[in-house]
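**Student:** Here it is, the structure, as structure tokens.
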Amino acid sequence: MTLFHDYLEGTFDNKEQALKHPTRYARIIVTHKWIGGDWFEGTQSYHKREPYRQFRMRVFPDGEKFRVRNYTLNGDYKSGCDTIFEMVGNKFYGKNIDCDCWVYWKGVKTYLTNDIILGYNFYHVMDSGIEPVTGKKLWGSQWGHLEFKRQTSSAG
């Protein structure tokens, strides 16, 4: 596997952040499991709950960068939702590359923007839903990135 695969694979938990600021951040567990080749399977769940999101990702080299394509569990490609990662120092910085990743939020069509910092022991993510006409942020953290830390098998 590449260095990017090594950074991406794992279980990440924002326990410390959620305990420090419980009114701002829910405790969320994110897993990225390598399933062979360029493929990863992922889940997102609230602590000790069933996943609210399950997905697949495929990682492609894109010059000196990496492109992550997102898929549903049954293999449908989520067009417009690619994220490009670039290594700067010892971290990968990722952003989606266009405004064509649509998410419905409370009946309103929004496009997803993401800002990701991926290190070996951490995964910081800020997803936002933008209303396309006004450009107003309708959903996502108001207090910055969700700060996930890589977990070992004994974490709980």
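The values are calculated or read from the model by the stated rules, or taken from the named source; none is laboratory data. Since this is a predicted model, take the numbers as computed values, not measurements. As a convention, Cβ positions derive from the backbone with ideal geometry for all residues, glycine included, and neighbour counts pool all protein chains shown. Accessible surface is based on the protein model in full, side chains and every heavy atom, while ligands, DNA and RNA are left aside. Shrake-Rupley method; radii C 1.70, N 1.55, O 1.52, S 1.80 Å.
**Student:** Of the conditions (1) at pLDDT 95 or above; (2) open to solvent by 50 Å² or more (accessible area, probe 1.4 Å), Gly156 satisfies every one except a single condition; which number is it?
**Tutor:** Unmet for Gly156, out of (1) at pLDDT 95 or above; (2) open to solvent by 50 Å² or more (accessible area, probe 1.4 Å): (1).
**Student:** Considering only residues that are open to solvent by 80 Å² or more (accessible area, probe 1.4 Å) and hydroxyl-bearing (Ser, Thr, Tyr), look in the range 35-63 and name the one that is farthest from Thr83 (Cα to Cα).
**Tutor:** Tyr46
**Student:** For Val68, are the conditions met, namely being at pLDDT below 95, among the aliphatic types (A, V, I, L, M) and within 27 Å of Lys136 (Cα to Cα)?
**Tutor:** Working: at pLDDT below 95: no; among the aliphatic types (A, V, I, L, M): yes; within 27 Å of Lys136 (Cα to Cα): yes.
The answer is no for Val68.
**Student:** What number goes with the only condition from (1) closer than 16 Å to Glu9 by Cα; (2) at pLDDT 95 or above; (3) not small (Gly, Ala, Ser) that Tyr120 does not pass?
**Tutor:** Only one criterion in (1) closer than 16 Å to Glu9 by Cα; (2) at pLDDT 95 or above; (3) not small (Gly, Ala, Ser) is unmet by Tyr120, namely (2).
**Student:** So, one more: Look through the range 64-82, keep the residues that are within 18 Å of Gln44 (Cα to Cα) and of a type in the set (S, T, N, Q), and return whichever of them is surrounded by the fewest Cβ atoms within 10 Å (Cβ to Cβ).
**Tutor:** Among residues in the range 64-82 that are within 18 Å of Gln44 (Cα to Cα) and of a type in the set (S, T, N, Q), the one surrounded by the fewest Cβ atoms within 10 Å (Cβ to Cβ) is Asn74.
**Student:** Separate question: Tell me, which residue of the range 1-19 that is open to solvent by 80 Å² or more (accessible area, probe 1.4 Å) and farther than 13 Å from Trp39 by Cβ is farthest from the chain's Cα centre (by Cα)?
**Tutor:** Among residues in the range 1-19 that are open to solvent by 80 Å² or more (accessible area, probe 1.4 Å) and farther than 13 Å from Trp39 by Cβ, the one farthest from the chain's Cα centre (by Cα) is Leu19.
**Student:** Can you pull out the residues in the range 88-124 that are within 19 Å of His32 (Cα to Cα), open to solvent by 60 Å² or more (accessible area, probe 1.4 Å) and either hydrophobic (A, V, I, L, M, F, W, C) or assigned to a strand (DSSP E or B) (or both)?
**Tutor:** Matches in the range 88-124: Lys91, Tyr93, Lys95.
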